[in-house]
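Participant: First the structure, then my questions, so here it is.
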Amino acid sequence: MSMDEFLKYKEEIVRLRRDFHMHPELGFEEQRTSKIVEEYLKELGIKTKRMATTGVVGYLDNGENVTIALRADMDALPIQEENDVPYKSRYPGKMHACGHDAHTAMLLVAAKILSQRKLKGNVRFLFQPAEEGLNGAKRMIDDGALKGVDKIIGLHVWAELPSKVIAISPGPIMASVDHFKIIIRGKGGHGASPHQTNDPILCASSLITSLQSIVSRNISPLESAVVTVGKISGGTAFNIIPENVEMEGTVRTFSEEVRSLIERRLGEIVKHHSLALGCRGELIYKKLNSATVNDEELAQIGKEVASKITRVVEQKKTMGGEDFSEYARIIPGLFVYLGIRNEEKGIIYPHHNPRFNIDEDALPYGTAFEVLITEKLLNS
């Protein structure tokens, strides 16, 4: 199929995307979205199965041995939309501010096109819930979404790329995502008598500075890592030194070795730094998703396919995370970016911003890529 043929589907993709955009649903709450996905696939003659509570898997089986999976995430974010558009979110405090509405719409139309094509293999359509911090991918895997699948493709709209441009690179492209919580337990008292206390606020403030030594002094300058404290809470009044202070933050890396080193050093610094200031420190560390790593062979095939429909550039690494990594840890995976930035239209805001929007002219290119790479992998 030529790009001109894919452009004929733009109106349908946009209609679906705007409907999802007006009705955003948070992770594991995507009941309306899932129902629409199920009904759409069934009308195409594609069998469906519910997984991960609100996830939907479509099975386009042709009795062959090779199966390619295509994945789209469906969840929205707890953000109040500030765009003034006819398809603005109708649900207060909820918004598709990361493009998952577009991902779902593009993959539905890709399923429609693929259901009409002659394929020498099977296609699995994964409509996944709860990508935003809840690791819906793992739930899908646990429920059998990858059973019998040989390779998987994912696509994400990207606000940093010009509209219609596709970015692809082999190897690590998105960081692992870890969450940590630190509890500093001290001895509270009157703010006018600090000598009678063990001040957890003082301990916490100096601890934050000490944590930055992990990246600057324990990690090779040739490696990439982030240690960020994003939340701190403690105290009840201006003249009271509290008993406890809590902090939360995130760690981002591209390698498991660096990831393990940071977890170990966090624990050591929290423990010993707190003791030095008369407090007790506790670290609670949780690994959310691994780094997203593109299969080299799939990346090369992806570049060849994408170059036939649009401009292709190298995909820059980002410390942002994606639970697509859970799939790619098990089978060869390819995760690509589709540019949706258009400064002339004022579409310039980043992901997770209340004014995030998408240049809808780019959407047929996402559908085209999903269809063409599937055909390439199955029919070559």
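The values are calculated or read from the model by the stated rules, or taken from the named source; none is laboratory data. Since the structure is predicted, the reported quantities are computational estimates derived from the model, not experimental observations. Backbone-built Cβ (ideal geometry, glycine too); neighbour counts: all protein chains shown.
Participant: Return yes when I168 is buried (at least 17 other Cβ atoms within 10 Å of the Cβ) and at pLDDT 95 or above and no when it is not.
Facilitator: yes
Participant: Also, I was wondering about something else. Does S233 satisfy the criteria of being modelled with pLDDT under 95 and assigned by TED's automatic domain parsing to the domain that holds S210?
Facilitator: no
Participant: Restricting the search to the range 164-199, which residues are farther than 29 Å from G278 by Cβ and assigned to a loop (DSSP other than H, G, I, E, B)?
Facilitator: If the condition is that a residue be farther than 29 Å from G278 by Cβ and assigned to a loop (DSSP other than H, G, I, E, B), then K164, V165, I168, S169, P170, A175 are the ones that fit.
Participant: Still on this structure, I have one more. I need a count of the residues in the range 332-350 that are among the β-branched types (V, I, T) and under 17 Å from the mean Cα position of the chain (by Cα).
Facilitator: Qualifying residue count for the region: 2.
Participant: Picking from L275, L338, L288, which residue would you name as being surrounded by fewer than 16 Cβ atoms within 10 Å (Cβ to Cβ) and not small (G, A, S)?
Facilitator: Going through L275, L338, L288 in turn, just one is surrounded by fewer than 16 Cβ atoms within 10 Å (Cβ to Cβ) and not small (G, A, S): L275.
Participant: Please report, ordered by residue number, the helices (runs of 4 or more DSSP H) entirely within the range 264-380 with at least 1 residues that are at pLDDT below 95.
Facilitator: Helices (runs of 4 or more DSSP H) meeting the threshold: 363-379.
Participant: Please enumerate the residues belonging to the range 223-263 that are part of a helix (DSSP H, G or I) and either among the acidic types (D, E) or surrounded by 15 or more Cβ atoms within 10 Å (Cβ to Cβ) (or both).
Facilitator: Those that are part of a helix (DSSP H, G or I) and either among the acidic types (D, E) or surrounded by 15 or more Cβ atoms within 10 Å (Cβ to Cβ) (or both): E256, E257, V258, R259, L261, I262, E263.
Participant: Could you check, for the range 84-102, whether at least one of its residues is free of Cβ contacts under 8 Å to residues at least 60 places away in the same chain and either acidic (D, E) or in contact with a His (Cβ under 8 Å, 6 or more places away or on another chain) (or both)?
Facilitator: Yes, because at least one residue in the range 84-102 is free of Cβ contacts under 8 Å to residues at least 60 places away in the same chain and either acidic (D, E) or in contact with a His (Cβ under 8 Å, 6 or more places away or on another chain) (or both).
Participant: Hey, can you tell me all the residues within the range 199-219 that are over 13 Å from I269 (Cα atoms) and touching a helix residue (DSSP H, G or I) at 6+ places or on another chain (Cβ under 7 Å)?
Facilitator: If the condition is that a residue be over 13 Å from I269 (Cα atoms) and touching a helix residue (DSSP H, G or I) at 6+ places or on another chain (Cβ under 7 Å), then I219 is the only one that fits.
Participant: Go over the candidates G121, G133 one by one and state the one that is in contact (Cβ under 8 Å) with a residue 60 or more places away in the chain and within 26 Å of E64 (Cβ to Cβ).
Facilitator: Only one candidate passes the filter, namely G121.
Participant: State the number of residues belonging to the range 1-26 that are charged (D, E, K, R) and over 20 Å from T374 (Cβ atoms).
Facilitator: Counting residues in the range 1-26 that are charged (D, E, K, R) and over 20 Å from T374 (Cβ atoms) gives 6.
Quick grid of which residues meet (1) at positive phi; (2) surrounded by 24 or more Cβ atoms within 10 Å (Cβ to Cβ); (3) over 16 Å from the mean Cα position of the chain (by Cα):
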site: E304; (1), (2), (3): no, no, yes
site: K308; (1), (2), (3): no, no, yes
site: R311; (1), (2), (3): no, no, yes
site: E314; (1), (2), (3): no, no, yes
site: G321; (1), (2), (3): no, no, no
site: I330; (1), (2), (3): no, no, yes
site: H352; (1), (2), (3): yes, no, no
site: A362; (1), (2), (3): no, yes, yes
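Participant: Yes or no: the range 192-204 includes at least one residue that is under 28 Å from S176 (Cα atoms), at pLDDT 95 or above and not β-branched (V, I, T).
Facilitator: Yes - at least one qualifying residue is present in the range 192-204.
Participant: Sticking with this structure for a sec: Failed condition for T53, given (1) buried (at least 18 other Cβ atoms within 10 Å of the Cβ); (2) at positive phi, with all others met?
Facilitator: Looking at each condition in turn, T53 falls short on (1).
Participant: Please count how many residues of the range 88-140 are among the polar types (S, T, N, Q), more than 13 Å from the chain's Cα centre (by Cα) and under 25 Å from G320 (Cβ atoms).
Facilitator: The qualifying residues number 2.
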